[in-house]
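Taken together, the values in this text are just the output of simple stated rules run on the coordinates, not laboratory data. Model, not experiment: these values are computed from the prediction. For neighbour counting, all protein chains shown are included, and Cβ atoms are generated from backbone atoms with ideal geometry for every residue, glycine included.
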Amino acid sequence: MASVKVVQDEMTLDLLIWRAFGRQDQQLVEQTLGLNPGLAASGVVLPIGAIVVLPEPPAATARLRDSVKLWS
């Protein structure tokens with residue numbers, strides 16, 4: 001588990017998770033809140049200087065995208 005110090009104004013937990021993992025979903029938010037008791041009480045915007053413990057990075061899964069042809 002890694003910890004991150006909040007050093008920017010207007011930083012939310014969703015944005016912090018997005019920057020750390022490149023994705024944001026409810027599971028990561030819940031895990032982070034579980035690792036940091038009292039973090040939810042600080043409100044939507046995290047206070048500068050707060051230390052946030054992040055969960056283990058999720059396993060990478062390959063995503064297949066549909067191809068789009070612009071011309072035939």
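Observations on the model:
- Cβ-Cβ distance of residue 59 and residue 10, R₀ of 30 Å, FRET efficiency by 1/(1 + (r/R0)^6): the value works out to about 0.45.
- Per-residue HN-Hα couplings for segment 5-19 [Karplus 6.51, -1.76, 1.60; θ = phi - 60°; Hz; x = Gly/Pro]: 9, 6, 10, 10, 5, 6, 7, 9, 5, 4, 5, 4, 5, 4, 5
- Within a Gaussian network of the chain (alpha carbon springs, distance under 10 Å), most fluctuating of 40, 59, 50: 59
- Pair-distance profile P(r), taking every C-alpha pair of the chain, with 5 angstrom steps and integer %: 3, 14, 25, 22, 11, 6, 6, 5, 4, 3, 1, 0
- Relative contact order of the chain, taken over Cα pairs closer than 8 Å and 6 or more residues apart, is 48 percent.
- Sites matching chymotrypsin sites (Phe, Trp or Tyr not before Pro) across the chain that sit in DSSP coil, with at most 14 neighbouring C-beta atoms within 10 Å: 71
- Extension gain from residue 23 to residue 1, taking 0.36 nm per residue of separation minus the Cα-Cα distance: 6.2 nm
- Calculated FRET efficiency for the pair residue 44/residue 68, C-beta based, R₀ 30 Å, to 0.05: 0.20
- Net charge dipole, the chain: roughly 320 debye, given to the nearest 20, about the Cα centre with Cβ charges of +1 for Lys and Arg and -1 for Asp and Glu.
- In sequence order, calculated HN-Hα J values of segment 33-48 (Karplus, 6.51, -1.76, 1.60; Hz; x Gly/Pro): 5, x, 7, 10, x, x, 5, 5, 5, 6, x, 5, 8, 6, x, 5
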